[in-house]
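Enquirer: I have a structure here, written as structure tokens, and I will follow up with some questions on it.
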Amino acid sequence: MGKTYNVRKIVRGIAEGEAIVYSGSFSFLGDVDLGDGTIIAEGNPNKGIQLKDKILIYNETKGSSGGMVVLITLFKKGLAPAAIVTQKPVDYNLAEGAILSKVPFVCEPDGDILSEIQTGNRVRVDADKGILELL
């Protein structure tokens, strides 16, 4: 049986999928290939993985408001992640992009998700109830 975390609800919605976990800072502007939605950031162990239909879990957002535009563009191309989870508080620019892209977004879990969830694990985000589940 998995583990359940309480999270802060930012953008409503429910998604389930394979986790992509990164303990560092992440930016949609510069860390993601806009053409195919793959992670291109040097030093990110998930380099080469496509975001489409994945649950993106990372420490905090870095960068500027341009990440919002990248997220919206990925959504329009059908390449957006299924949900976004951050360990630290929400980045409001990215939250705006998630709202416009209809991507569930939660943050500030009550546990150490960056060490307890690994890339490839199956997770479920219920941003309506404020729950992240490791399945």
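The values are calculated or read from the model by the stated rules, or taken from the named source; none is laboratory data. Everything numeric here is computed off the predicted structure, so don't read it as measured data. We place every Cβ from the backbone using ideal geometry, glycine too, and count neighbours over all the protein chains shown.
Enquirer: In this structure, does residue 78 turn out to be of a type outside the set (Lys, Arg), at pLDDT below 95 and within 19 Å of residue 28 (Cα to Cα)?
Expert: On the way: of a type outside the set (Lys, Arg): yes; at pLDDT below 95: no; within 19 Å of residue 28 (Cα to Cα): yes.
Answer is no for this residue.
Enquirer: Then there is this: Would you kindly identify the strands (runs of 3 or more DSSP E) lying entirely within segment 50-118 that contain at least 3 residues that are out of contact with any Cys (no Cβ under 6 Å at 6 or more places or on another chain) and either of a type in the set (S, T, N, Q) or without any contact (Cβ under 8 Å) to a residue 60 or more places away in the chain (or both)?
Expert: On the way: elements: 55-61, 83-86, 105-107.
Counting at least 3 such residues, we get 55-61.
Enquirer: Quick one: residue 18 ticks every box in (1) touching an Asp or Glu at 6+ places or on another chain (Cβ under 7 Å); (2) outside any loop (DSSP other than H, G, I, E, B); (3) not hydroxyl-bearing (Ser, Thr, Tyr) except a single one, so which number is it?
Expert: Exception for residue 18: condition (1).
Enquirer: Can you spot a residue in segment 6-21 that is modelled with pLDDT under 95, exposed (fewer than 15 other Cβ atoms within 10 Å of the Cβ) and out of contact with any Phe, Trp or Tyr (no Cβ under 6 Å at 6 or more places or on another chain)?
Expert: Scanning segment 6-21, I find no residue that is modelled with pLDDT under 95, exposed (fewer than 15 other Cβ atoms within 10 Å of the Cβ) and out of contact with any Phe, Trp or Tyr (no Cβ under 6 Å at 6 or more places or on another chain), so the answer is no.
Enquirer: Any idea which of 76, 129 is surrounded by fewer than 20 Cβ atoms within 10 Å (Cβ to Cβ), within 11 Å of residue 7 (Cα to Cα) and more than 14 Å from the chain's Cα centre (by Cα)? Talk me through it step by step, then tell me what you get.
Expert: Working: 76 fails: within 11 Å of residue 7 (Cα to Cα).
Exactly one of 76, 129 is surrounded by fewer than 20 Cβ atoms within 10 Å (Cβ to Cβ), within 11 Å of residue 7 (Cα to Cα) and more than 14 Å from the chain's Cα centre (by Cα), namely 129.
Enquirer: Out of everything in segment 54-69 that is modelled with pLDDT of 95 or more and touching an Asp or Glu at 6+ places or on another chain (Cβ under 8 Å), what residue ends up being farthest from residue 124 (Cα to Cα)?
Expert: Only one residue fits best here, namely 60.
Condition check ((1) crowded, with 19+ Cβ neighbours inside 10 Å; (2) farther than 20 Å from residue 62 by Cβ) across all residues:
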{"site": "94", "(1), (2)": "yes, no"}
{"site": "108", "(1), (2)": "no, no"}
{"site": "113", "(1), (2)": "yes, no"}
{"site": "120", "(1), (2)": "no, yes"}
{"site": "125", "(1), (2)": "yes, yes"}
{"site": "135", "(1), (2)": "no, yes"}
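Enquirer: Can you find a residue in segment 96-105 that is closer than 12 Å to residue 13 by Cα and surrounded by fewer than 19 Cβ atoms within 10 Å (Cβ to Cβ)?
Expert: Of segment 96-105, the ones closer than 12 Å to residue 13 by Cα are 98-99, 101-105.
Checking which are surrounded by fewer than 19 Cβ atoms within 10 Å (Cβ to Cβ) leaves us with 99, 102.
Yes.
Enquirer: If we scan segment 48-65, do we find a residue that is farther than 15 Å from residue 98 by Cα, surrounded by 17 or more Cβ atoms within 10 Å (Cβ to Cβ) and of a type in the set (A, V, I, L, M)?
Expert: Within segment 48-65, one or more residues are farther than 15 Å from residue 98 by Cα, surrounded by 17 or more Cβ atoms within 10 Å (Cβ to Cβ) and of a type in the set (A, V, I, L, M).
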